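> Dumping the structure here so I can ask a few things about it.
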Amino acid sequence: MASDPYSARCAAALEGALAAVPFYRGWRALDPGPDRPAAERMAALPVLSRADLRAHVPDGFVRSGFSARDGFAAGEIEIVTTSGTTADRASVVWHQPWWDRSLREAARVHPALEAVYRGPHREAVLTSPMCTGNLCHVGELPVAERTLGNLLFLNQELDPARWDAASVRRMADELNGFQPDVIEADPAYLAVLARACIRSDTPLHQPACISLTYEFPSHLHLREIRRAFPGVPVVSSYGSTETGYVFTECEAGLLHQNTATCHVDIQPVRDSRSRGRLGRILVTTLGNPWFELLRFDVGDLARLHGGAPCRCGRTDGLTVEAIEGRARDLTFDTRGMAVTVRQLDDAIAAADGLLAYRIEQSGPRRYAVRYVAEDGAEEALAAALPPLVRDLYGPDAEVTARREPTLAPEQSGKFRLALTTFEWNVEELFA
Amino acid sequence: MTPAPDPLAHTRADFPLLERTIDGRPIVYLDSASTAPKPRCVIDAIVGMYNRHTANVHRGVHVLSEEATEAFEGARAEVASFLNASPGEIVFTRNSTEGVNLVAHGLGFAPGDEVVLTALEHHSNFLPWRMAARAVPVGLDDDGMPPYDEVERLFSPRTRLLALAQVSNTTGVVAPVEQWIAAAHARGLPVLVDAAQSASHLPIDVRALDCDFLVLSGHKVLGPSGIGVLYGKRERLAQLALYQTGGGMVRHHGDDGFEPHDVPQRFEAGTPNIEGAVGLGAALSYLRGLDMDAVRAHSLALGRRLVEGLQGIPGVRIIAGSAPLERRIGLATFTLEAAGLSQESLARVLCDRYQIIASGGYHCAHILHDRMKLAGTVRVSTHVFNTHAEIDFALAALREIAAW
């Protein structure tokens, strides 16, 4: 049934996983069979969750013929733990060569990234130490111990609000000394560093490009980063520890799927709960026999591109207009329609003087916006934010706004832009 | 393994936390050395204080304040009974750490004064001495055990105190506290005993021990966090310099100075953690109700099962694995050499795949890990509610992981 090499690889991955990966034994009865198109077969299968990973790593997802024991012994694979918060965390089987390939292939979407990753390069990483696994129990490590080959890990602090002037200076100096070709950063962290350097007139090394990943990039972050790195291409990358790199932003601003190491299904949110091509990202890994995932729910949402083909000319795989944020960070307007983090960010992040924010929804019509303001912008924001929130959620929304000196990240080091304080079931959103 | 009796298994119903599930499966809580679940009587005691007796202690003249004071001082008496001390020898602190700091600060060390301890001590019983004096540790052998017998070789004219954990939070081995106390007292030196781990596993009698100071933390003995105890012989406490000043610790304050209360109130400046103290009292009462000899026997049996089981798993190295089984509590710290798996990842996998709650890391014992060149360890620790079946489940999980 597969008509092109990518479809053939997807079909083979599906066939192979159902036939030879222990965890999927229970799924085989649900498969409509090899005479049906791969997409139809995929859609008939359940969604793979992190709870499944927790219960069955490592042996559950290793293809028969491969032994996790031998893989560990040979140094082919290791167990790493993801950085999500509490229920989102899982241990996964890490196969470095496959990860490297995923990175290289995803980078091909954007010329600036491709230029860096196709050859030897230096890379600085700026994110929560929970994401890079270099959280140190005995304080900050010296730069030599944070430099692994071509990689420099800049940060060991769980909250960038705790960086003092010396920390900022130290990171700027290390960047200037290391001269990375690329900075791979959590946008929230890089925005704080960028702003601090601009305010203190600290020179910052200008890399060939910046790759933003780890969490949703707010307009607030992008504004600060572009000010500190004028002219440097800033590229959004999307992926996860479990799935490798999945989507990369092209020069035209759309995100394209990495067809070399994954297949993606976007499971649509029901029309009654959202507007337009919104769905959750389900990833099937390709070419990694140590950790074969079928329809893995990363926990994030994307909006499919629905217009003309992308100006970049790329046609393989899915094209998405945007990553819309985490499903669990959805809020709901007063009519019960889902509001994604991206929609929220589009609505309020442009407010003058806004440095950080978080929306907390406590009822069908009750919203509290906590915000951090630039000096002098406090009163203007107090007046401006509630109408912006009402425009988004509905004229009958009850909105309160409260200024905060800082907003803290979650235990994972990531910043949550929206949350509900009541329970709801994410599965109800999907058909 | 043969089935073993669990005479305290009935206590499981007292702990609401044990009803918790992760990914739909019940948890196996083996991390009480870090912090212990709370029995319902402790939770009820705390909630009861908030619901019915909220008031400040020692200063009000109304009914609620009298009730709160009675509950607070009743908790002090309960702690005293638990330790075979008198209530006047019990100072409420935030935790063991604060108790040690209070003594280290209060003894007024001169430059060059020395405190003898072991390299195995928890940070809380090491760093305060290091800050206040010169810490002189007994070393560690290759197995991670201090040569306790060598303590007298470390005495010098500058030695001012001995500090020792009754049970190490890392090895789970019961230290020869009596021997250290005898050696110290022969030279007129006081001894501080860190009972943070031991108090949940051994009967403690400060009169019989004849220790000068003893500290424990509420959260490890089934009580709430943020409350601890410093026991001190009354004359020893009276010699300590004031630690903090403020309300509650002063008998009279005038233009010409102030007069502090007697011990223990002189060390309890400010409004105390009333609910915490009451919760701690309830926790210790609960433990006494189980009979601490029975608790000791249960801990010993679980420790034996755990260590013997670990010894049979390929790739496992137990810290202080050579220590006699009869000197252990239900705690073992170990590494499992499995390619591709760090010790922290191992602890994570135990939780993710088996719902076993255990510690991974350094357990506030960096010196031990540095000297043994260990990049972290896993610690399994029990309490009264744990069963042999849970130990067997954890061992089976480790055997399975070792076979990956």
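Just so it is clear, none of the values below were taken in a lab; they were calculated from the coordinates. Only a predicted model underlies this, so the values are computations on that prediction, with no experimental measurement involved. Reconstructed Cβ throughout: ideal geometry from the backbone, glycine too, with neighbour counts over all protein chains shown.
> What are the ³J(HN,Hα) values, in whole Hz, obtained from phi via the Karplus relation 6.51 cos²θ - 1.76 cosθ + 1.60 with θ = phi - 60°, for each residue of region A:418-426 in sequence order, with x given for Gly and Pro?
Result, rounded to whole Hz: 8, 7, 10, 9, 10, 6, 8, 9, 4.
> Further, regarding this structure: Could you give the length gained by full extension between B:Tyr50 and B:Thr21, i.e. 0.36 nm per residue of separation minus their alpha carbon distance, to one decimal place? Intermediate values should be presented prior to the final figure.
On the way: separation 29, 0.36 × 29 = 10.44 nm, distance 2.84 nm.
7.6 nm is the gain from fully extending B:Tyr50 to B:Thr21.
> OK, next. A:His56 to A:Ser3: FRET efficiency via 1/(1 + (r/R0)^6), r the Cβ-Cβ distance, R0 30 Å, to the nearest 0.05?
Plugging the Cβ-Cβ distance into 1/(1 + (r/R0)^6) gives 0.35.
> Determine, for each peptide in A:315-324, A:164-173, the mean count of other beta carbons within 10 angstrom over its residues, then list the peptides with the highest first. Kindly include the intermediate steps, with their values, before the conclusion.
Numbers: A:315-324: 20.1, A:164-173: 15.3.
Put in order of decreasing packing, that is A:315-324, A:164-173.
> Compute the signed sum of charges (Lys and Arg +1, Asp and Glu -1) over the other residues within less than 11 Å, Cβ to Cβ, of A:Thr261. Walk me through the numbers before you get to the answer.
Working: positive: A:Arg9, A:Arg101, A:Arg104; negative: A:Asp100, A:Glu105.
Taking every Cβ under 11 Å from that of A:Thr261, the sum is +1.
> Rounded to the nearest 5, what % of DSSP beta bridges with both residues in region A:63-202 are antiparallel?
On the way: 7 of 14 bridges.
If we restrict to bridges inside region A:63-202, about 50 percent are antiparallel.
> Give me the dipole magnitude in Debye, nearest 20, for chain A about the Cα centre, with unit charges on the beta carbon: positive for Lys and Arg, negative for Asp and Glu.
Numbers: 46 positive and 57 negative charges, 100 e Å.
In total the dipole reaches around 480 debye.
> When only Cα pairs under 8 Å and 6 or more residues apart are kept, what is the percent relative contact order across chain A? Working shown, then result.
Values: 845 pairs, mean separation 58.3, N = 431.
After rounding, I find 14 percent.
> For B:Leu64 and B:Arg207, compute 0.36 nm times the residue count separating them, minus their Cα-Cα distance, and round to one decimal in nm.
Details: separation 143, 0.36 × 143 = 51.48 nm, distance 3.50 nm.
Gain on extension, B:Leu64 to B:Arg207, equals 48.0 nm.
> Enumerate the amide H contacts of A:Ala418 below 5 Å, restricted to partners 5 or more residues apart or on another chain; note that Pro and chain-start residues carry no placed amide H.
The list, which skips near neighbours in sequence, is A:Ile359.
> Suppose every K and R has +1 on its Cβ and every D and E has -1 on its Cβ; what is the size of the dipole of chain B about the Cα centre, in Debye to the nearest 20? Mind showing how you got there, number by number?
On the way: 35 positive and 45 negative charges, 97 e Å.
So the dipole magnitude of chain B works out to roughly 460 debye.
> Further, regarding this structure: What is the packing order of peptides B:162-170, B:146-154, taking the mean over residues of other C-beta atoms within 10 Å and listing the highest first? Walk me through the numbers before you get to the answer.
Values: B:162-170: 27.0, B:146-154: 14.7.
Most protected by this proxy first, the peptides run B:162-170, B:146-154.
> In the neighborhood of A:Thr285, defined by Cβ-to-Cβ distances under 12 Å, what is the net charge if each Lys or Arg adds +1 and each Asp or Glu adds -1?
Values: positive: A:Arg9, A:Arg63, A:Arg101, A:Arg295; negative: A:Glu242, A:Glu292.
In short, +2.
> Give me the dipole magnitude in Debye, nearest 20, for region A:95-326 about the Cα centre, with unit charges on the beta carbon: positive for Lys and Arg, negative for Asp and Glu. Walk me through the numbers before you get to the answer.
Details: 24 positive and 28 negative charges, 130 e Å.
With only Lys, Arg, Asp and Glu charged at Cβ, the dipole is about 620 debye.
> Considering only A:Asp35, A:Asp265, A:Asp100, give the residue with the highest GNM mean-square fluctuation for chain A, with springs between Cα atoms whenever their separation is below 10 Å.
A:Asp35
> A:Arg402 versus B:Ala238, label points 7 Å from Cα toward the beta carbon: distance in nm?
Inter-label distance under the simple model: 5.1 nm.
> Okay, moving on. Could you list which residues have their amide H under 5 Å from that of A:Glu398, counting only those 5 or more apart in sequence or on another chain, with H placed in the peptide plane?
A:Arg366, A:Tyr367
> Okay, next question. Any chance you could check the Cα centroid distance between region A:388-431 and region B:309-346 for me, in angstrom?
45 Å
> Is it possible to state the helix-based mean residue ellipticity at 222 nm for chain A, with each DSSP H run of 4+ residues giving -39500 (n - 2.57), the sum divided by total residues, to the nearest 500 deg cm²/dmol? What is it?
-8000 deg cm²/dmol
> Relative contact order (percent) for chain B, with alpha-carbon contacts under 8 angstrom and 6 or more residues of separation? Please report the intermediate quantities before stating the final value.
Working: 810 pairs, mean separation 91.0, N = 404.
For chain B, the relative contact order is 23 percent.
> To continue, here is another question. Among the DSSP beta bridges whose two residues both lie in the protein assembly as shown, what percent are antiparallel, rounded to the nearest 5?
On the way: 72 of 114 bridges.
Beta bridges within the protein assembly as shown, antiparallel portion: roughly 65 percent.
> Quick one: compute the contact order of region B:18-132, relative version, from alpha carbon pairs under 8 angstrom and 6+ residues apart, as a percent.
So the answer I get is 12 percent.
> Determine the calculated [θ] at 222 nm for chain B from helices alone, applying -39500 (n - 2.57) to every DSSP H run no shorter than 4 residues and normalising by the residue count; nearest 500 deg cm²/dmol. Spell out each step's value before the answer.
On the way: 12 runs with 140 residues, N = 404.
Roughly -10500 deg cm²/dmol at 222 nm, from the helical runs in chain B.
> So, one more: Give the order of B:His261, B:His62, B:His369, A:His221 when sorted by the count of other beta carbons within 10 angstrom, beginning with the fewest.
Numbers: B:His261 16, B:His62 9, B:His369 22, A:His221 27.
Fewest-to-most Cβ neighbours within 10 Å comes out as B:His62, B:His261, B:His369, A:His221.
> Could you work out how far apart the two model spin labels at A:Ala350 and A:Arg28 are, taking each label as a point 7 Å from the Cα in the direction of the beta carbon, and quote it in nm?
Label-label distance for A:Ala350 and A:Arg28, simple model: 5.6 nm.
> Can you give the local net charge around B:Val57? Use residues other than it whose beta-carbon is closer than 10 angstrom to its beta-carbon, Lys and Arg +1, Asp and Glu -1. Show your work: numbers first, answer last.
Numbers: positive: B:Arg59; negative: B:Glu66, B:Glu67, B:Glu70, B:Glu73, B:Glu268.
Neighbourhood net charge equals -4.
> Now for a different question. For region B:43-290, rounded, prolate or oblate, judged on the Cα gyration tensor with a ≥ b ≥ c (square roots of eigenvalues), a/c < 1.5 rounded, else prolate if a/b > b/c?
Values: a/c = 2.37, a/b = 1.46, b/c = 1.62.
Oblate, since a/c reaches 1.5 and b/c is not below a/b.
> So for the protein assembly as shown, taking the charge dipole from beta-carbon charges (+1 Lys/Arg, -1 Asp/Glu), which of A:Pro289, B:His105, B:Pro203 sits furthest toward the positive end?
Ranked along the dipole, the leading option is A:Pro289.
> Looking at region A:331-429, what % of its DSSP beta bridges pair antiparallel, to the nearest 5? Kindly include the intermediate steps, with their values, before the conclusion.
Details: 10 of 19 bridges.
Of the beta bridges lying entirely in region A:331-429, close to 55 percent run antiparallel.
> Quick one: order A:Arg314, B:Arg379, B:Arg305, B:Arg251 by neighbouring beta-carbon count within 10 Å, fewest to most. Write down the numbers at each step before the final one.
Working: A:Arg314 18, B:Arg379 26, B:Arg305 22, B:Arg251 11.
The most exposed by this proxy come first: B:Arg251, A:Arg314, B:Arg305, B:Arg379.
> Give the average, rounded to an integer, of partner chain Cβ atoms located within 10 angstrom of each Cβ in B:337-345.
Values: counts 0, 5, 12, 15, 6, 5, 0, 5, 7.
Mean shielding by partner chains, rounded to a whole number: 6.
> In sequence order, what are the phi-derived ³J(HN,Hα) couplings for region A:236-244 according to the Karplus relation 6.51 cos²θ - 1.76 cosθ + 1.60 with θ = phi - 60°, rounded to whole Hz, with x for glycine and proline?
8, 10, 10, x, 7, 4, 6, 10, x
> So how far apart, in nm, are the two label points at B:Val250 and B:Arg296 if each is 7 Å from Cα heading toward Cβ?
With each label point 7 Å from Cα toward Cβ, the separation is 4.5 nm.
> Turning to a different aspect of this structure: List residues of region B:324-346, by number, whose backbone nitrogen lies under 16 Å from a label position 7 Å along Cα→C-beta of A:Ala74.
It comes to B:339-340, nothing else.
> Now for a separate question. With a ≥ b ≥ c taken as the square roots of the eigenvalues of the C-alpha gyration tensor of region A:331-429, please select rounded if a/c is under 1.5 and otherwise prolate if a/b is larger than b/c or oblate if it is not?
On the way: a/c = 2.04, a/b = 1.33, b/c = 1.54.
Judged from the Cα gyration tensor, region A:331-429 comes out oblate (a/c at least 1.5, b/c at or above a/b).
> Is chain A best put as rounded, prolate or oblate by its Cα gyration tensor, with a ≥ b ≥ c the root eigenvalues, rounded for a/c under 1.5, and otherwise prolate when a/b is larger than b/c, oblate when not?
Details: a/c = 1.72, a/b = 1.22, b/c = 1.42.
Cα axes put chain A in the oblate bin.
> Go ahead and set up a Gaussian network model of chain B, Cα springs under 10 Å, then flag whichever of B:Ala389, B:Ala75, B:Ala282 fluctuates most.
Among B:Ala389, B:Ala75, B:Ala282, the largest GNM mean-square fluctuation belongs to B:Ala389.
> Output ³J(HN,Hα) for region A:38-53: one whole-Hz value per residue in order, computed from phi by the Karplus curve 6.51 cos²θ - 1.76 cosθ + 1.60 with θ = phi - 60°, and x for Gly and Pro.
Listing the rounded values in order: 4, 5, 5, 5, 4, 5, 7, 8, x, 9, 8, 10, 5, 4, 4, 4 Hz.
> Sticking with this one: Given H placed on each backbone N at 1.01 Å, which residues far from B:Val174 in sequence or on other chains put an amide H within less than 5 Å of it?
Long-range HN contacts for B:Val174: B:Arg328, B:Ile329.
> For B:Ser81 and B:Ala389, what does the FRET efficiency come to when R0 = 30 Å and r is the distance between their Cβ atoms, rounded to the nearest 0.05? Walk me through the numbers before you get to the answer.
Numbers: r = 33 Å, r/R0 = 1.10.
Efficiency computed from Cβ-Cβ geometry: 0.35.
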